[in-house]
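Asks: Structure provided below as structure tokens; questions to follow.
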Amino acid sequence: MKTILVCLLCLSSLCAVEPKSIVDEWLHSEEHVVVRTLHRELALVPKWDEEKKGEAIKLVEMAGEGKLDHWKSNAKGYLALSILLNQYPRALWPSSTQAYALDEGAERLVIEGIELQFDRDLSPTERLIFYLPLIQSEDVSRLKVAIEKLRSLAATPSDGKEAVFEEQLEMALFRLSLVERFGRLPQRNEPLGRHSSDEEIQAMHQSPIKH
């Protein structure tokens, strides 16, 4: 009976999902339209059919409810959870409240992973993806952690990706300037149902970021 209940919870095939499969699919799958240059908004766009989309939604729900916390035993597990909590929602529900609903949990997860030094076990590109929740944060202290990590990445030889890390550093610094100025990222006001001031609207017209 216990096995049946577990399988019902995991929805059959999801029982077999491992962190490595999430990471490999998100970063390396040829079935995805992925911006591998990782420039500007780091737009990783998956090509999901309805079945895959349904599985993705369930994985996000499980991650958000803590049902995949057993993955927190190694670096790949933390990276996979970061992707599920931060990147999957943005791909599934772009420009909507749902896209940002799990951001707080994603940010806390990344801070925890950094404190445990699991990020040191990731490749430079994987580290960049892992840090995304902090890079996209509306919290000044977390943005500053992201900036510190991006500076370290930009200073590390990485098969020509240094320029990508430099660009992401510039984007994080720009986000920090917005959050210090407005206390939030104005680009998120509309999807989150927040009123934008005239000053924020003007800033959005001049902004290189979308969310």
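The values are calculated or read from the model by the stated rules, or taken from the named source; none is laboratory data. Computed from a predicted structure; not experimentally measured. Cβ atoms come from the backbone with ideal geometry, glycine included; neighbour counts cover every protein chain shown.
Asks: Those residues that are at pLDDT below 90, not basic (Lys, Arg) and not in a helix (DSSP H, G or I), I need them from region 156-189; list them, please.
Replies: Scanning region 156-189 gives THR156, PRO157, SER158, ASP159, GLY160.
Asks: Quick check on region 89-134: of everything there that is in contact (Cβ under 8 Å) with a residue 40 or more places away in the chain and part of a loop (DSSP other than H, G, I, E, B), which residue is nearest to the chain's Cα centre (by Cα)?
Replies: LEU102
Asks: Can you confirm whether region 185-203 contains a residue that is of a type outside the set (D, E, K, R), touching a residue at least 60 places away in the same chain (Cβ under 8 Å), in contact with a His (Cβ under 9 Å, 6 or more places away or on another chain) and surrounded by 16 or more Cβ atoms within 10 Å (Cβ to Cβ)?
Replies: yes
Asks: Please give the number of the condition MET62 fails out of (1) modelled with pLDDT of 90 or more; (2) touching a helix residue (DSSP H, G or I) at 6+ places or on another chain (Cβ under 7 Å).
Replies: Failed condition: (2).
Asks: So, one more: Residues of region 68-79 being within 14 Å of ARG108 (Cα to Cα), in a helix (DSSP H, G or I) and of a type outside the set (Ser, Thr, Tyr), which ones?
Replies: ASP69, LEU79
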